[in-house]
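Trainee: Here it is, the structure, as C-alpha cells.
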C-alpha cells in the first residue's frame, strides 16, 4: 500500500532508573492507565516468550486529530533495562527502537521510529501537509513524557495521600476518539449506522 514515510527520533531524560522506565514501556497492558492521552486501548494477542520477544499487541491510539488509529506491534528484540525493538503494522507500519541509558541518577530514553501511515488521509499527504502528522507525533510524545514522569513518581510511593496529590495524566484530546474498538488491519466502519472513529 502506498504511503509517505517518516523518521522520528525522540529523547527523554528523567530521574528514574533504566529498569523503572523499561518496565513501563514494556508493559503494554498499562499504557491506557498511564498514557491515556494517546493509548485508548491495548490488547495482548500473543504473549511471546519469557522475555517478551514475539509478543503481539493490538492498540488503538489517537493524537489531537478527530479520529483514532488501529495498529499492532510485535516485539522483535528485548534486553531488560537497555533496549526494546518493535515492528508495527496496520494503520502504522514501521520499525521502532527504545533505548534506556543511565546518566548519573537519571535515565536517557530514546525512541527511534521509521515508517509510515497507511490510513487516509495521511497515507498520501501532499508535501505541504506532512508537518501535520509530525505535529501529531510530537504532541503524543510530549504527553507521553509528562505521563511517564507522573507514573514513575506514583509507583515510587506507597503513601496513598501522596498518590492522591499527584495530578492525573493528560487525557484524550477529543471525546470522539473514544469510539468503538477496531482491530488492526480491519476496514473502518461505514458512515451508515455507525460512527467513524
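The values are calculated or read from the model by the stated rules, or taken from the named source; none is laboratory data. Since this is a predicted model, take the numbers as computed values, not measurements. All Cβ positions, even for glycine, are placed from backbone atoms using ideal geometry, and neighbour counts span all protein chains on display.
Trainee: Residue 129 versus (1) out of contact with any strand residue (DSSP E or B) (no Cβ under 8 Å at 6 or more places or on another chain); (2) outside any loop (DSSP other than H, G, I, E, B); (3) surrounded by 14 or more Cβ atoms within 10 Å (Cβ to Cβ); (4) modelled with pLDDT under 65: which is the lone unmet condition?
Mentor: (3)
Trainee: Of all residues in the range 1-42, count the ones that are touching a residue at least 60 places away in the same chain (Cβ under 8 Å) and in contact with a strand residue (DSSP E or B) (Cβ under 7 Å, 6 or more places away or on another chain).
Mentor: Count: 22.
Trainee: Consider the range 90-122. How many of its residues are over 19 Å from residue 141 (Cβ atoms) and under 13 Å from the mean Cα position of the chain (by Cα)?
Mentor: Result for the range 90-122: 0.
Trainee: Looking for something in contact with a helix residue (DSSP H, G or I) (Cβ under 6 Å, 6 or more places away or on another chain), surrounded by fewer than 16 Cβ atoms within 10 Å (Cβ to Cβ) and in a loop (DSSP other than H, G, I, E, B) - is there at least one such residue anywhere in the range 13-23?
Mentor: So far as the range 13-23 goes, no, none of its residues is in contact with a helix residue (DSSP H, G or I) (Cβ under 6 Å, 6 or more places away or on another chain), surrounded by fewer than 16 Cβ atoms within 10 Å (Cβ to Cβ) and in a loop (DSSP other than H, G, I, E, B).
Trainee: Can you tell me which residue within the range 151-177, out of those that are modelled with pLDDT of 50 or more and within 16 Å of the chain's Cα centre (by Cα), is surrounded by the fewest Cβ atoms within 10 Å (Cβ to Cβ)?
Mentor: The selected residue is 171.
Trainee: Residue under question is residue 102, and the condition is that it be within 15 Å of residue 147 (Cβ to Cβ) and either assigned to a helix (DSSP H, G or I) or at pLDDT 95 or above (or both); does it hold?
Mentor: So residue 102 fails the test.
Trainee: Check residue 122 against each of (1) within 30 Å of residue 83 (Cα to Cα); (2) assigned to a loop (DSSP other than H, G, I, E, B); (3) modelled with pLDDT of 65 or more and name the one condition it does not meet.
Mentor: Only one criterion is unmet by residue 122, namely (3).
Trainee: Looking only at strands (runs of 3 or more DSSP E) that fall completely inside the range 32-83, which ones have 1 or more residues that are surrounded by fewer than 17 Cβ atoms within 10 Å (Cβ to Cβ), within 14 Å of the chain's Cα centre (by Cα) and at pLDDT 95 or above?
Mentor: Those strands (runs of 3 or more DSSP E) span 39-46.
Trainee: Against the conditions (1) at pLDDT below 95; (2) buried (at least 16 other Cβ atoms within 10 Å of the Cβ); (3) out of contact with any helix residue (DSSP H, G or I) (no Cβ under 8 Å at 6 or more places or on another chain), where does residue 7 fall short? Just the number, please.
Mentor: (2)
Trainee: Here is a follow-up. In contact with a helix residue (DSSP H, G or I) (Cβ under 7 Å, 6 or more places away or on another chain) and over 25 Å from residue 139 (Cβ atoms), is that true of residue 80?
Mentor: Spelling it out, residue 80 is indeed in contact with a helix residue (DSSP H, G or I) (Cβ under 7 Å, 6 or more places away or on another chain) and over 25 Å from residue 139 (Cβ atoms).
Trainee: Is it the case that the range 59-67 has a residue that's farther than 25 Å from residue 139 by Cβ, in contact with a strand residue (DSSP E or B) (Cβ under 8 Å, 6 or more places away or on another chain) and in contact (Cβ under 8 Å) with a residue 60 or more places away in the chain?
Mentor: Within the range 59-67 (the criterion being farther than 25 Å from residue 139 by Cβ, in contact with a strand residue (DSSP E or B) (Cβ under 8 Å, 6 or more places away or on another chain) and in contact (Cβ under 8 Å) with a residue 60 or more places away in the chain), the answer is no, since none of the residues qualifies.
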